[in-house]
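Just so you know, all these numbers are worked out from the coordinates, no wet-lab data involved. The structure presented is a predicted model; accordingly, all values stated were derived computationally and were not measured. Note that each Cβ is placed from the backbone with ideal geometry, even for glycine, and that neighbours are counted across all protein chains shown.
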Amino acid sequence: RVKDEGRGTLRFFEAAMDEQLQARRRIEHELSGAIPRGELQLHCQPIVNGRTGVIETFEALIRWHHPERGCVPPAEFIPLAEQSEQILRIGAWVLDTACAAAATWPQPWRVAVNVSPKQFRQPGFAVSVAAALTRHGLPPRRLVLEITEGVFIQDAAMAVEVLTALRSLGVRLALDDFGTGYSSLSYLQRFKFDKIKIDQSFVRRLGQHADTLTILRAITHLGHNLGLQVTVEGVETPEQLAILRELGCDQMQGYLFARPGPMAALSELEPERLRALFDPESLQACA
Ligand code: C2E
Ligand code: MG
Ligand code: MG
Ligand code: MG
């Protein structure tokens with residue numbers, strides 16, 4: 001009987017795994033037609049100056065509007081796409097769409113684009129970035145590429161070469177999800193990024209762990225001492241904002257300022273409201 005139960009459990013797991021595999025195949029298949037069907041869209045979220053609240057950059061964040069399942073978050077399909085060649089087509093589409101949009105924005109605003117490791121490692125990536133900039137007449141300094149330490153894993157020397165080529169184009173380079181990987185610190189030594197984006201998990205833990213503040217302070221100092229700008233993600237409350245301002249973070253991003261939204265809604269953002277969050281009075285209110 002025990003043996004039977006074991007077999008039953010095994011069959012149950014097999015069935016569950018089968019279902020998972022099928023669901024993955026289905027998503028993969030559906031994703032391959034998502035670009036031509038116009039189901040992909042870029043949302044944008046502002047990144048504001050950490051002292052004034054003025055919008056400096058918009059991060060482009062992909063959304064998939066699935067005809068039946070509604071809005072599928074990137075966490076559910078980007079990792080899948082990354083396992084096949086699909087990420088290359090999606091990445092090219094994101095870069096092109098983001099550059100086209102940014103070229104129509106008011107001058108000082110930059111666009112930040114997430115680049116997946118596979119896209120980054122593809123031969124000719126820097127050339128394709130240059131081509132997208134030229135195609136839309138976007139000055140290189142208005143493009144920020146957000147990469148993760150994943151680009152270093154297979155061939156670090158090659159990654160540095162690509163980063164150097166991108167740097168010579170004049171685009172800005174940010175190390176995203178900083179602090180979550182395996183050895184973020186060593187990557188800071190291999191290449192001089194323009195900025196680091198501290199992962200939102202740190203801000204989330206601010207109220208819960210006393211040590212988190214110490215870590216955030218240390219990362220900010222480290223970044224500044226290396227001549228890098230420091231951005232924090234996931235700022236949701238005035239209390240977090242007050243703490244992070246005191247640390248001297250250069251830029252902030254989070255629901256407190258604005259949630260990601262369709263590019264067409266950008267004009268609806270109220271600069272006055274953002275600046276008011278940084279008023280001395282509102283600071284005192286939560287001190
Ligand atoms: P990321 O680059 O670290 O982007 C920040 C994520 O944090 C976004 O999630 C954003 O919506 C979310 N976020 C911003 N402020 C807050 C906040 O105050 N609270 C909370 N809880 N979350 C906040 P999203 O849009 O779901 O994207 C998740 C990840 O998917 C991104 O993380 C990025 O790694 C990836 N991704 C998104 N778009 C693209 C893309 O076009 N290409 C590639 N390769 N990856 C992308
Ligand atoms: Mg990012
Ligand atoms: Mg991030
Ligand atoms: Mg992240």
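What dipole magnitude, in Debye to the nearest 20, does the chain give about its Cα centre under +1 on Lys/Arg Cβ and -1 on Asp/Glu Cβ?
480 debye
Cut-off 10 angstrom, C-alpha nodes, Gaussian network model of the chain. Which of Asn49, Asn114, Asn225 fluctuates the most?
Of Asn49, Asn114, Asn225, the most mobile in the Gaussian network model is Asn225.
Give me the base-10 log of I(q)/I(0) for the stretch 181-251 at each q in 0.11, 0.16, 0.20 Å⁻¹, Debye formula, one uniform scatterer per Cα, rounded to two decimals.
Normalising to I(0) and taking log10 leaves -0.25, -0.53, -0.81.
Over the stretch 142-205, one equal point on each Cα, no solvent: what is log10 I(q)/I(0) by the Debye formula at q = 0.14, 0.21, 0.28 Å⁻¹?
Listed by q, the Debye log ratios stand at -0.39, -0.83, -1.32.
Can you compute the modelled spin-label distance between Ala16 and Glu39, with each label point 7 Å from Cα toward Cβ, in nm?
In this crude spin-label approximation the distance works out to 2.7 nm.
Length gain on complete extension for the stretch Thr134 to Ala100, per 0.36 nm per residue less the alpha carbon to alpha carbon distance?
Length gained, Thr134 through Ala100: 11.2 nm.
Considering the dipole of the chain built from charges on the beta carbon (Lys and Arg +1, Asp and Glu -1) around the Cα centre, which of His209, Ala131, Leu42 is farthest to its positive end?
Final value for the positive-end residue is Ala131.
Which far-off residues, 5 or more places away or on another chain, put their amide H under 5 Å from the one on Arg110, with H placed in the peptide plane?
Counting only residues 5 or more places away or on other chains, the set is Thr57, Phe58.
Go ahead and estimate [θ] at 222 nm for the chain from helices alone: -39,500 (n - 2.57) per DSSP H run with n ≥ 4, summed, over the residue count, rounded to 500.
Roughly -15000 deg cm²/dmol at 222 nm, from the helical runs in the chain.
Shape verdict for the stretch 66-106, please, from the Cα gyration tensor: rounded (a/c under 1.5), prolate (a/b greater than b/c) or oblate.
Oblate is the answer for the stretch 66-106, as a/c is 1.5 or above yet b/c matches or exceeds a/b.
Rounded to the nearest 5, what % of DSSP beta bridges with both residues in the stretch 21-113 are antiparallel?
Antiparallel: roughly 75 percent of the beta bridges in the stretch 21-113.
What Kirkwood hydrodynamic radius, in Å, does the chain give when the mean of 1/r is taken over all pairs of distinct Cα atoms and then inverted?
Roughly 20.6 Å, rounded to one decimal.
Once the Cα gyration tensor of the stretch 1-106 is diagonalised, what are the square roots of 5 times its eigenvalues, in whole Å and ordered largest first, as equivalent ellipsoid semi-axes?
Working through the eigenvalues yields semi-axes of 40, 18, 11 Å.
Would you please give the residues with an amide H less than 5 Å from that of Leu61, counting only those at least 5 places away or on a separate chain, with H modeled from the backbone geometry?
His43, Cys44, Gln45
Under a point spin-label approximation (7 Å from Cα along Cα-to-Cβ), what is the Gln107-Thr52 distance to one decimal in nm?
Each label point lies 7 Å from its Cα, and together they span 1.4 nm.
Choose one of Leu274, Val151, Gln251: the residue whose Cα lies farthest towards the positive end of the charge dipole of the chain (beta-carbon charges +1 Lys, Arg; -1 Asp, Glu; about the Cα centre).
Sorting the options by dipole projection puts first Val151.
Beyond 26 Å, what share of the Cα-Cα pairs of the stretch 155-287 is found? Please give it as a whole percent.
Taking all Cα-Cα pairs of the stretch 155-287, the fraction more than 26 Å apart is 32 percent.
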